[in-house]
Amino acid sequence: MTDLKRGAAVSLLICYLITVCGCTLRRTPPEPEPTPAPTAAPTPSPEPTPSPAVTFTPDPTATPGPTPEPTEEPTPEPTAEPVMSKARRSGALIVPDEYGPVIPLRYEPAPDSFFDSACMIGNSMVQGFQLWAGLHNVTCLSETGATVYSALKKIDLRPVRNNRYSNIYLMLGLNEVGIGPEEFTENYAKIIDYIRACQPEANIIAVSVTPVVRWVTQQPYTSYTLENINELNAALRELCAGKECWYLDIASELSDEEGYLLELYAYRGDGKHMEANGYELWADIMRTHYVDEGLLSE
């Protein structure tokens, strides 16, 4: 059977079946593909709820007002250091004050003419001063070996009774080294009182006891020790303060750092007196340590 015949037979069969069965041949539409159920979107996991931050409630603070301007404290005036007074007047005299009885170094050296009205009283040290110091206008009244016991008896003091002096120097003590300081000053005070009675307007100046060289202090049984000399000078300064007299310290300039008389100035014969240059230094100290009205204002 040919394909044509076969096709016609099939068509006739179909028509017959339709007529007999009363069925209408319809084309069955293809079943729709099942629609996939919508996939639910994945529910996101809930984010963890953050713990609430701890909040510190500050203490209630007062609302700051305007900052007041700082009040300036007045700067206190610096307290002036008290000035020590060197001298004061006591009647017609110029006497030591708070500075003490030691005559201070002066700004201007005194001319030699200043000593025209000066007098020096004492032992053989005064004789050496008269010969070699170079201040020949100083009236010198002395006696070899004079002491505080014998000065009023042995020394001719008529010039002190008859003349007027501005400054009177006393040089005693070298022959008294070794006696007690109380006995020394007791008799020294009598000489001061005598001179003041004769010379009420004169400045009285006690010259320090001079040192001796080292080898003198090392001799057996000697009283010329540094301790004894220093003891007399300390007592003499104290006496001057009580008597309104002045103290001229020449010992410090004539001695070495230990307190002995420098060999440079010492008389080799005894180690106690001085050569000419020692007396010259003594005079120079007097020129730069003197008493006049200038001490009241310096």
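The values are calculated or read from the model by the stated rules, or taken from the named source; none is laboratory data. Since we're looking at a predicted model, the values are computed, not measured. Don't worry about glycine lacking a Cβ; one is built from the backbone with ideal geometry, like all the others, and counts go over all protein chains shown.
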**Fill in**
Given (1) farther than 24 Å from Cys240 by Cα; (2) at pLDDT 95 or above; (3) β-branched (Val, Ile, Thr), Val102 misses just (1)
**Message:** Residues that are surrounded by fewer than 17 Cβ atoms within 10 Å (Cβ to Cβ), under 30 Å from Arg164 (Cβ atoms) and touching a Leu at 6+ places or on another chain (Cβ under 7 Å): does segment 238-248 have at least one?
**Reply:** no
**Output for segment 253-298, where each listed residue is over 22 Å from Ile168 (Cβ atoms), polar (S, T, N, Q) and not in a strand (DSSP E or B)** = Asn277, Ser297
**Prompt:** Taking the condition modelled with pLDDT of 95 or more, within 20 Å of Pro104 (Cα to Cα) and not small (Gly, Ala, Ser), does Asn277 pass?
**Reply:** no
**Request:** Return yes or no: is Ile179 touching a helix residue (DSSP H, G or I) at 6+ places or on another chain (Cβ under 9 Å), more than 20 Å from Leu135 (Cα to Cα) and aliphatic (A, V, I, L, M)?
**Result:** yes
**Fill in**
For segment 192-233 the number of residues that are outside any loop (DSSP other than H, G, I, E, B), under 21 Å from Leu157 (Cα atoms) and more than 38 Å from the chain's Cα centre (by Cα) is 7
**Asked** Has segment 265-274 got at least one residue that is surrounded by 16 or more Cβ atoms within 10 Å (Cβ to Cβ) and among the small types (Gly, Ala, Ser)?
**Response** yes
**Asked** Assuming Ala197 fulfils every condition listed in (1) hydrophobic (A, V, I, L, M, F, W, C); (2) surrounded by fewer than 21 Cβ atoms within 10 Å (Cβ to Cβ); (3) within 16 Å of Glu238 (Cα to Cα) apart from one, which condition is it?
**Response** (3)
**Fill in**
Turns out the helices (runs of 4 or more DSSP H) fully within segment 114-162 with at least 1 residues that are buried (at least 22 other Cβ atoms within 10 Å of the Cβ) are 124-132, 151-154
**Asked** Of the numbered conditions (1) buried (at least 21 other Cβ atoms within 10 Å of the Cβ); (2) over 15 Å from Leu261 (Cα atoms); (3) touching a strand residue (DSSP E or B) at 6+ places or on another chain (Cβ under 8 Å), Thr210 satisfies every one except a single condition; which is it?
**Response** (2)
**Request:** Please list, ordered by first then second residue, the pairs with beta carbon atoms under 7 Å, 6 or more apart or interchain, first in segment 154-167 and of a type in the set (S, T, N, Q), second not in a helix (DSSP H, G or I).
**Result:** Ser166/Ala118; Ser166/Ala202; Ser166/Asn203; Asn167/Ala118; Asn167/Ala202; Asn167/Asn203; Asn167/Ile205; Asn167/Val291
**Message:** Here's a check for you: in segment 288-298, which residue that is surrounded by fewer than 17 Cβ atoms within 10 Å (Cβ to Cβ) and in contact (Cβ under 8 Å) with a residue 12 or more places away in the chain is nearest to Glu108 (Cα to Cα)?
**Reply:** Thr288
**Message:** Just to be sure before I move on: is Tyr107 in a loop (DSSP other than H, G, I, E, B) and modelled with pLDDT under 95 in the structure I sent?
**Reply:** yes
**Asked** For segment 163-184, which residues satisfy the criterion of being of a type in the set (D, E, K, R) and in a loop (DSSP other than H, G, I, E, B)?
**Response** Arg164
